[in-house]
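Participant: Can you read through this structure? Questions will come right after.
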Amino acid sequence: MRAEHRRVLFFLLKAAVVGAFLFWLARRGALDPRYFAIASGGLGWLLLGLACLAASISLTAVRYWLILRMFRVRQPLPFVLRTEFAATFFNLCSLGPLGGDVVRLYFMARSSGKGLAAAGATMTDRIVGLLALLLLTLASLALTGVDYLAEPVLRDAVVLLSGLLAGAVGLALTAAVRLRLGRVAAICAGGAAAAAAVTYSLWAETAFGWSVAAGLAAATVCAGGFQAAFVGALLRRIGRWGGFGEKLDETLAAMSDAAGHPRAIAGVLGLALVQQAGYVLAMLCLAWAMNLPARPDAGSIFFATPLTFILAVLPLPGAGLGFNEAAFDSLLALAAPHLAGGASLYLFFRAWLIAVSFAGIPFYLFERRKSRSGGPTS
């Protein structure tokens, strides 16, 4: 089968999966066209929600711009801002391989001539954003979701998230210790933290401690046991992956250098928390703007939204269209059993986010036209 035929087939399969999810949601009444009308007095909430969406995309661009500077990729902030709007659009609308990270990397690499550094910055930005989302999710569960941890599925999800968060935080801290004090100090610090988590698990008889201990142990092995270029060197030994291994080697080395700025990393992490919280606030404003049977309270939105955003990280067909709506509907029903229309709310949020991010498409088309004509990007 030719490559273009395979691409068409995969595109049709993804479209079929998305269509099946939406059809299933419509059949069970989770998607109701009546809910998409603007409620009486809801116009102000709609405008505030759109402002929150635009602000969150802008804060993402500022975060990416700061991380690019850590990697010595100097780009004007307006250029990065326009790129981020276009990238957000493709994150939500692309059924093919062109995602938001591809758009960002393409423009940053082409305009700066530093492809490997731009790749390292894009990977770091993705990690920082995911870490902020994990922190926000655990905060939402701690503040609003404690009563729901009796649900086995939700409890298992929190255990997994705790391990991932511990691994991410542990990797950042042990890497910083290694850069300043050496490998032995990093291994000792990470091992002591993992041992403390195991001790707590034995004393409290909880699965959360074991998950945290596993995450810390994995972080200690990665940061203390491996050289930054270990994976790249391994791939270089494999013939057909040699070129990729060499590029990955340099990218990991650039990320290792950037990790030597813990205060800057902490700053962009704080900015990422504010940016993710802006999306949650936008969801609340749009919920109050819709013609839902009952207005959801802030606690239920704060509980359901970050958990659904975690699922949105998964590489699902059509940016999770249909799947994420179903997940949000279930989580919102768990927090507020009397409330209907969770899937409609998430689709409403998605549609307006697409509309706001569409502001970056004229820039994308203009830059693509310039690149095909051989001219430099902005």
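Participant: Starting from 0.36 nm per residue, how many nanometres of slack lie between SER40 and VAL62 once their C-alpha separation is accounted for?
Facilitator: Here the answer is 4.4 nm.
Participant: Determine the gain in length on full extension of the stretch LYS370-VAL102; use 0.36 nm per residue of separation and subtract their C-alpha separation, reporting nm with one decimal.
Facilitator: 94.7 nm
Participant: Which ³J(HN,Hα) values, rounded to whole Hz and listed in residue order, are derived for the stretch 328-339 from phi using the Karplus coefficients 6.51, -1.76 and 1.60 in 6.51 cos²θ - 1.76 cosθ + 1.60 with θ = phi - 60°, glycine and proline given as x?
Facilitator: Computed from phi, the couplings for the stretch 328-339 are 5, 4, 5, 5, 5, 5, 5, 7, 9, x, 7, 8 Hz.
Participant: If R₀ is 41 angstrom, what is the calculated FRET efficiency for the pair LEU311 and ALA192, using the beta carbon separation as r and rounding to 0.05?
Facilitator: According to the calculation, E is roughly 0.75.
Participant: Starting from the amide H of ALA336, placed 1.01 Å from N in the peptide plane, find each other amide H under 5 Å away whose residue is 5 or more places distant or on another chain.
Facilitator: none
Participant: Further question on the same structure: For labels at ALA55 and ARG126 in the simple 7 Å Cα→Cβ model, what's the distance in nm?
Facilitator: In this crude spin-label approximation the distance works out to 2.9 nm.
Participant: Can you list the residues, at least 5 places off or on another chain, whose amide H is less than 5 Å from the amide H of MET290, using H built in the peptide plane?
Facilitator: ALA39
Participant: Just to verify a number: FRET efficiency for ARG27 and ILE354, C-beta to C-beta distance, R0 = 30 Å, to 0.05?
Facilitator: The pair ARG27/ILE354 has a calculated efficiency of 0.80.
We did not get these values from a lab; they are worked out from the coordinates using the rules stated. None of the values given here were measured: they were computed from a predicted structure. Counting neighbours? That spans all protein chains shown, and the Cβs are built from the backbone with ideal geometry, glycine included.
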